[in-house]
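To start, the structure under review is shown below, and the notes come after it.
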Amino acid sequence: MKKSRLPNRHVHWMQGASLEEIERVYRQRLPEFRRVAAAIVGNREAARDAVQEGFAIAVRKRKTFRGEGPVDAWLWRVVVNAAREHARRRDEIPDPEAGARAARNGTSEEEPDTRVRVALAILPERQRLALFLRYYADLDYRTIADTLDIAIGTVGVTLSTAHMRLRELLEEVPQ
């Protein structure tokens with residue numbers, strides 16, 4: 001019995017992502033990948049390492065790309081996961097309270113940037129990541145949904161909830 005071959009239009013997903021596609025995204029979006037990774041790991045040098053590691057993983061695992069969404073979203077997922085793992089390994093997830101105390105250096109006043117960083121650190125991880133992907137990388141809702149492996153409608157709700165919580169945290173008067 002002869003095995004039937006799939007028509008060519010179905011072969012792409014079986015072949016994975018091409019090196020050319022990965023390189024195109026890398027060249028076009030490297031600054032955004034680094035900004036998001038820096039926001040996740042809390043350190044620019046570590047972010048560069050995480051992005052490089054993420055793309056190295058993507059190249060090694062390019063055959064696993066199933067083509068169910070754009071290659072960009074798959075790469076974002078790989079790089080975000082690499083940054084998250086990098087932060088866990090290096091224990092670079094900042095303690096919001098320690099950061100706030102160090103920034104105040106004995107004064108009762110907090111710098112506005114410090115307050116924003118602390119407020120972001122307090123948010124749940126999914127809300128934080130959605131904000132980073134939307135505003136640091138300027139990704140659309142579909143790509144954010146694919147990257148975070150959530151429904152597209154959940155992206156809007158997640159961003160709305162994050163905005164509301166940030167507003168509450170930033171409006172609180174420090175004692």
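Read-outs: derived from the displayed coordinates by stated rules, not from any lab. In this text, all values refer to a predicted model and were calculated from it rather than measured experimentally. Methodologically, a virtual Cβ is constructed for each residue, glycine included, from the backbone with ideal geometry; neighbour enumeration extends over all protein chains shown.
Quick rundown of the values:
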quantity	calculated
Separation of the GLU171 and THR154 label points, Cα + 7 Å toward Cβ, nm	2.8
Tail beyond 12 Å, pair distance distribution of the range 128-167 (Cα, percent)	50
Modelled FRET efficiency - R0 25 Å, THR114 with ARG48, Cβ distances, 0.05 increments	0.60
Note, ³J(HN,Hα) from phi for the range 163-168, Karplus 6.51, -1.76, 1.60, rounded to Hz, x at Gly and Pro	4, 4, 5, 4, 4, 4
For LEU166, net neighbour charge (Lys/Arg +1, Asp/Glu -1) across residues whose Cβ lies under 13 Å away	+3
